[in-house]
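Remarks on the structure that follows.
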Amino acid sequence: MEKVYDVAILGGGPAGLTAALYAGRARLDTLLIEKAQPGGQIAMTDEIENYPGQLVEGESGSALVARMVRQVEKFGAERCDDVITGAELSGDVKKLVGGKGEYLAKTVIVCTGAHPKPIGCENEGKFIGSGISYCATCDAAFFEGLEVFVVGGGDSAVEEALYLAKFARRVTIIHRRSELRAAKSIQEKAFANPKIGFLWDSVVTKADGDEVLSRLTVRNVKTGELTLLTADENDGLFGLFGFVGSAPNSGLFEGILELDNGYIKTDENMRTEIPGVFAAGDIRAKSLRQVVTAAADGAIAAVQAEKYINA
């Protein structure tokens with residue numbers, strides 16, 4: 001007879017890891033399914049400053065995730081790597097269909113998170129991996145000593161610009177507004193860094209070059225003026241990093257769960273409209289998407305899943 005888990009958790013970011021920790025600690029038979037490395041977007045973040053209880057002297061996303069994973073393992077949650085392509089969520093036993101097999105569970109917690117939005121400029125796809133990136137900690141070393149541009153003005157954009165400044169000769173933040181949206185403490189660090197400059201009221205409209213990115217067209221949103229930025233001939237290329245927000249990884253649940261602009265709708269207890277199905281973390285429709293809120297969501301979802309099973 002095929003095994004039926006108490007809880008199947010889809011996604012191994014902070015929400016999924018916390019849900020697995022709480023479910024495992026409650027002695028529920030728990031399966032955590034992750035398509036890639038654990039941690040989600042936070043694993044690609046160089047520095048975290050606002051997670052309660054973190055190392056005050058400095059904490060990277062990967063280090064925080066590594067400790068979360070060890071906690072999950074301590075309490076016995078089973079983990080597997082697979083890409084889920086189908087879901088049947090009605091009824092007492094839910095089914096998740098993946099490339100490696102089918103997984104059955106009494107409850108499902110969806111923690112599939114979100115992914116970076118594209119910059120939205122012409123030729124963007126052509127230069128991904130050849131100058132355009134969405135992960136500073138992944139690709140900063142490729143641009144050591146070169147010029148780099150960062151699109152965005154929120155916490156992530158400015159934090160990643162600070163990280164890139166450790167490698168690049170010069171970092172320019174391109175922002176469509178006349179002031180940043182990042183937290184003041186982060187802004188202060190950026191303004192104080194001599195390697196970071198700013199291009200205000202501007203958007204990138206076109207990426208260009210021969211085989212690698214070496215030209216950018218930037219438009220001033222107030223005047224409409226176009227400016228061509230060209231890589232130094234001695235460099236031959238520059239980098240463009242996009243941090244303009246995220247989009248939910250909810251395609252699998254279209255037509256199955258109720259969505260709000262792509263995000264899964266839940267109540268305050270993480271319950272969706274389908275009994276026994278919960279959502280937590282960045283995939284959920286809510287006002288704040290941070291590691292701390294993802295962890296809180298995951299904890300609530302696991303506790304509610306236990307209550308559902310024992311009802």
| Anyone know which of Gly298, Gly16, Gly53 comes out most mobile in the 10 Å Cα GNM of the chain? | Gly53
| request: Could you pull out every residue, at least 5 positions away or on a different chain, whose amide H is within less than 5 Å of the one on His115? Hs are placed 1.01 Å off N in the peptide plane, and Pro or chain starts have none. | output: Ala247, Asn249
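Report the antiparallel proportion of the DSSP beta bridges in the chain as a percent, rounded to a multiple of 5.
Numbers: 26 of 62 bridges.
If I count the DSSP bridges inside the chain, around 40 percent turn out antiparallel.
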| field | Long-range amide H partners of Ile173 with built H, under 5 Å | value | Val150, Gly197, Phe198, Leu199
| request: Any chance you could check the Cα centroid distance between region 172-227 and region 4-77 for me, in angstrom? | output: 34
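Quick one: net charge around Ala15, please, counting Lys, Arg +1 and Asp, Glu -1 for every other residue with C-beta under 13 Å from its C-beta. Working shown, then result.
Numbers: positive: Arg284, Lys286, Arg289; negative: Glu34, Asp282, Asp297.
Once positives and negatives cancel, what remains is 0.
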| task | Starting at the first residue of region 48-61, write each ³J(HN,Hα) from the Karplus equation 6.51 cos²θ - 1.76 cosθ + 1.60 with θ = phi - 60°, in whole Hz, x for Gly and Pro. | result | 10, 10, 10, 9, x, x, 5, 5, 5, 6, x, 8, 8, x
| Residue-wise, which Karplus ³J(HN,Hα) couplings in Hz belong to region 14-25, taking 6.51 cos²θ - 1.76 cosθ + 1.60, θ = phi - 60°, and x for glycine or proline? | x, 5, x, 5, 5, 4, 5, 4, 5, 5, x, 5
| query | Given the options Gly125, Gly24, Gly239, which has the most mean-square fluctuation in a GNM of the chain, springs set between C-alpha atoms less than 10 angstrom apart? | reply | Gly125
| remark: Inter-part gap, Cα centre of region 278-308 to Cα centre of region 83-101, in whole angstrom, is 20
| field | Whole-number percent relative contact order across region 1-64, with pairs defined as alpha carbons under 8 Å at least 6 apart | value | 29
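Only Cα pairs under 8 Å and at least 6 apart count here; give the relative contact order of the chain as a rounded whole percent.
21
Pairs of Cα atoms under 8 Å, at least six residues apart: use those to get the relative contact order of region 208-295, whole percent. List each step's numbers first, then the result.
On the way: 90 pairs, mean separation 13.9, N = 88.
Taking the mean separation of contacting Cα pairs over the length of region 208-295, I get 16 percent.
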| query | What are the GluC sites (Glu not before Pro) within region 176-220 that DSSP puts in a loop, where the Cβ has at most 11 other Cβ atoms within 10 Å? | reply | Glu179, Glu211
| note | Once amide hydrogens are built 1.01 Å from N within the peptide plane, the residues lying 5 or more places from Tyr5 or on another chain with amide H under 5 Å from its amide H are Leu104, Ala105, Lys106
| note | Checked region 261-308 with the C-alpha gyration tensor, a ≥ b ≥ c its square-rooted eigenvalues, rounded below a/c of 1.5, otherwise prolate if a/b is larger than b/c and oblate if not; verdict oblate
| request: Between beta-carbons, use under 12 Å as the cut-off and find the net charge around Pro38, counting Lys and Arg +1, Asp and Glu -1. | output: +1
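Among Cys138, Cys111, what's the order by accessible area (1.4 angstrom probe), most exposed first? Don't jump to the answer; show the numbers that get you there.
On the way: Cys138 70, Cys111 10 Å².
I get Cys138, Cys111, largest accessible area first.
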| remark: Everything considered on the Cα gyration tensor (a ≥ b ≥ c; rounded for a/c under 1.5, else prolate if a/b is larger than b/c, else oblate), region 152-224 must be described as oblate
| task | Just read off the accessible area of Lys35 with the full protein assembly in place, 1.4 Å probe, to the nearest 10 Å². | result | 150
| task | Would you mind getting me the FRET efficiency between Glu268 and Asn123? Use the beta-carbon distance for r and R0 = 41 Å, nearest 0.05. | result | 0.40
| said: For the chain, which cysteines have no second Cys with its Cβ under 4.7 Å from theirs? | reply: Cys80, Cys111, Cys121
| task | Specify which labelled value, from [x] 40, 20, 17; [y] 35, 25, 18; [z] 37, 30, 14, agrees with semi-axes √(5λ) of the Cα gyration tensor in Å derived from the coordinates of the model shown. | result | [x]
| task | Compute the signed sum of charges (Lys and Arg +1, Asp and Glu -1) over the other residues within less than 11 Å, Cβ to Cβ, of Glu225. | result | +1
| request: Considering only Leu28, Leu64, Leu229, give the residue with the highest GNM mean-square fluctuation for the chain, with springs between Cα atoms whenever their separation is below 10 Å. | output: Leu229
| said: Output wanted: per-residue J couplings in Hz (rounded whole) for region 102-112, from phi through Karplus 6.51 cos²θ - 1.76 cosθ + 1.60, θ = phi - 60°, x for Gly and Pro. | reply: 10, 10, 10, 7, 6, 9, 10, 10, 8, 10, 7
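The values are calculated or read from the model by the stated rules, or taken from the named source; none is laboratory data. Values in this document were obtained by computation on a predicted structure and should not be read as measured data. Using ideal geometry, Cβ is built from the backbone for each residue, glycine included, and neighbour counts are taken over all protein chains shown. For accessibility, only protein heavy atoms count, side chains too; no ligands or nucleic acids. Shrake-Rupley method; radii C 1.70, N 1.55, O 1.52, S 1.80 Å.
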